[in-house]
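A.B. asks: Below is one structure. I have some questions about it.
The values are calculated or read from the model by the stated rules, or taken from the named source; none is laboratory data. As the structure is a computational prediction, the values presented were derived from the model and not from experiment. Methodologically, a virtual Cβ is constructed for each residue, glycine included, from the backbone with ideal geometry; neighbour enumeration extends over all protein chains shown.
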There are 2 protein chains.
Amino acid sequence: MAGRQGVNPALERAGAMIRTISPNRASFGRCSACTVRSLSICGVLDQADLAEFERIARHIHLAPNEALFTAGQVAQSVHSLTAGIARLYKLLPDGRRQVIGFALPGDFLGTAPSDRYSFSADAIDSVTVCRLSREAFTHFIEERPHFLIRINEFAARELMLAQEQMLLLGRRTAEEKVASFLIGWRERLAQIGDERQTIALPMSRQDIADYLGLTIETVSRTLTRFEREKMLIIVAGGVRLLDASRAAAMAAA
Amino acid sequence: MAGRQGVNPALERAGAMIRTISPNRASFGRCSACTVRSLSICGVLDQADLAEFERIARHIHLAPNEALFTAGQVAQSVHSLTAGIARLYKLLPDGRRQVIGFALPGDFLGTAPSDRYSFSADAIDSVTVCRLSREAFTHFIEERPHFLIRINEFAARELMLAQEQMLLLGRRTAEEKVASFLIGWRERLAQIGDERQTIALPMSRQDIADYLGLTIETVSRTLTRFEREKMLIIVAGGVRLLDASRAAAMAAA
DNA sequence: CGGCCAGTTTGATCTGGATCAATCAGCGGA
DNA sequence: TCCGCTGATTGATCCAGATCAAACTGGCCG
């Protein structure tokens, strides 16, 4: 619990590595063929709406660790994630980092009360997003109340997740944090259709630690202990849950 | 950082004391005379809208520690706080508590993705709210897109506060937490027009501790130290900031 | 195939904040 | 005025998780 937990050289290196938004290729993947449309904010748009949405959206690809946007920048765009996983985080001036969430395909990044981004987002693996100018997006919304309702539902869901995370960060033990994370992450993967036995963990241990308010060592030790206790097996790129009910019990209490 | 921090007998007593919603007096305070209307979701309603809003709203008074609603209950109502201060919190099965926010006059409690309350809310001091049935509220919204935009702005603000709080809970030291809380609370009080030199703290030390992910002893000790260091003076019902810039510096870093 | 390098794991030690345990202070009621 | 109760403060001690410090692992490049 010391003051500078979360500051580490690896992170600073990573930070330096992250390029600002490059002149990405804008692809012509059509919204009507979007594989996550029903999960995304676009799930309530009809063909006509979708055509108009497509007109104002750009499809962007980002390489691993490339930034979608950075806290403090003027918020010119909103994003809807269509592939890959992004990490959303805030930094303290001395480099301590809090990951406030992981964005999955279908997630919307654009609910913000200010004209500047209040957090940073970058690609964990290879990511694709639909990027819309805030202005065009605002205009698009104004004429489509049902779409606004959808946006609102997404914001409400985000808010509930954030409140759950506050409970985790403030009142759960390290063991409970890790178990909750695994159960919650599995749940979210299942919602986007990924229901393999093995829980994929594309983010680094440092990302997990910064999400749970722990150090990388504590995350690693806790996972190792779970493995020793036969609750799971650590595999390349994830974990395989052997005793899901025990994990769920830890996560609940 | 032990597992059961936040569980305490005083809380259990308080919990038992909190009555379920009593047959409160519904007053006739008219919305057009509402002192916090411009701050609240109603700030964008015109006279006609307001009359309709009034028709579907009930004005409710709650005594200190009385519950507005409880996590897990079917969410029948939404609320707009018009006077007093409420604490919003989540509990773990063993009684550990996380205060996820304090609601001030003008705040809206109703952004939720589920048909059950995901957190509990109760009055800290004497509280007045406008209570609307979810159903009527949803209907009211559907016909008023500009109002929905307002609701959305409120949700976005809530979300940003929640993200800021995640950073605090996950990565700040006890000292930084307390300083951040004081600065942030003063800010919020100022926004509703309370700009006295002394920062009013109507909530208990336990509430503050549960908001910051600390114990009551740590909050108390930290405030005492701040006083010893002449950063502030502890007074009945609040603190007087002597060195706001030092507090702000602590809160920032 | 070997050497590097980034990320991860493991071990030893330390410490910030929790826990346990008394006071202390303010207030309402007799 | 005194008593009892509730919440706050203060002190002593403890320990979960941080910090410091090595290994270890796997992938990539020459």
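A.B. asks: Taking the conditions exactly as written (within 14 Å of another protein chain (Cβ to nearest Cβ) and basic (K, R)), does A:R131 satisfy them or not?
C.D. replies: Details: within 14 Å of another protein chain (Cβ to nearest Cβ): no; basic (K, R): yes.
No.
A.B. asks: Tell me the residue from A:V99, A:V178 that is within 16 Å of DNA strand C (Cβ to nearest atom) and either at positive phi or touching an Asp or Glu at 6+ places or on another chain (Cβ under 7 Å) (or both), please. Walk me through how you get there before you give the answer.
C.D. replies: Working: A:V178 fails: either at positive phi or touching an Asp or Glu at 6+ places or on another chain (Cβ under 7 Å) (or both).
Unique residue meeting the criteria: A:V99.
A.B. asks: In segment B:219-243, which residues are within 8 Å of DNA strand D (Cβ to nearest atom) and among the β-branched types (V, I, T)?
C.D. replies: Within segment B:219-243, B:V219, B:T224, B:I234 qualify.
A.B. asks: Exactly one of (1) assigned to a helix (DSSP H, G or I); (2) within 9 Å of chain B (Cβ to nearest Cβ) is unmet by A:K90. Its number?
C.D. replies: So the condition that A:K90 fails would be (1).
A.B. asks: Right, next: Checking the conditions here, which among B:F69, B:F108, B:F119, B:F137 is among the aromatic types (F, W, Y), facing chain A (nearest Cβ under 9 Å) and in contact with a strand residue (DSSP E or B) (Cβ under 6 Å, 6 or more places away or on another chain)?
C.D. replies: Values: B:F69 fails: facing chain A (nearest Cβ under 9 Å); B:F108 fails: facing chain A (nearest Cβ under 9 Å); B:F137 fails: facing chain A (nearest Cβ under 9 Å).
Going through B:F69, B:F108, B:F119, B:F137 in turn, just one is among the aromatic types (F, W, Y), facing chain A (nearest Cβ under 9 Å) and in contact with a strand residue (DSSP E or B) (Cβ under 6 Å, 6 or more places away or on another chain): B:F119.
A.B. asks: List the residue pairs whose Cβ atoms are under 9 Å apart, where the first residue sits in segment A:102-119 and is on the phi > 0 side of the Ramachandran plot and at pLDDT 95 or above, the second is assigned to a loop (DSSP other than H, G, I, E, B) and basic (K, R), and the two are 6 or more positions apart or on different chains.
C.D. replies: Cβ pairs passing all conditions: A:G106/A:R37.
A.B. asks: Every residue in segment B:84-134 that is among the charged types (D, E, K, R) and surrounded by 20 or more Cβ atoms within 10 Å (Cβ to Cβ), please.
C.D. replies: Residues of segment B:84-134 among the charged types (D, E, K, R): B:87, B:90, B:94, B:96-97, B:107, B:115-116, B:122, B:125, B:131, B:134.
Matches in segment B:84-134: B:R87, B:K90, B:R96, B:R97, B:D107, B:D122, B:R131.
A.B. asks: Also, quick follow-up: Go through segment A:150-169 residue by residue and tally those that are within 7 Å of chain B (Cβ to nearest Cβ) and over 15 Å from B:M160 (Cα atoms).
C.D. replies: So the answer is 4.
A.B. asks: Give all pairs with beta carbons closer than 8 Å in which a residue from segment B:205-228 that is touching a residue at least 12 places away in the same chain (Cβ under 8 Å) meets a residue that is of a type in the set (F, W, Y) and more than 8 Å from DNA strand D (Cβ to nearest atom); count only pairs at least 6 apart in sequence or on separate chains.
C.D. replies: Note: pairs meeting the criteria are B:D207/B:F102; B:I208/B:F181; B:D210/B:Y89; B:Y211/B:F102; B:Y211/B:F181; B:L212/B:F181.
A.B. asks: Separate question: Would segment A:243-250 turn up any residue that is touching a residue at least 60 places away in the same chain (Cβ under 8 Å), within 10 Å of DNA strand C (Cβ to nearest atom) and in a helix (DSSP H, G or I)?
C.D. replies: No, segment A:243-250 contains no residue that is touching a residue at least 60 places away in the same chain (Cβ under 8 Å), within 10 Å of DNA strand C (Cβ to nearest atom) and in a helix (DSSP H, G or I).
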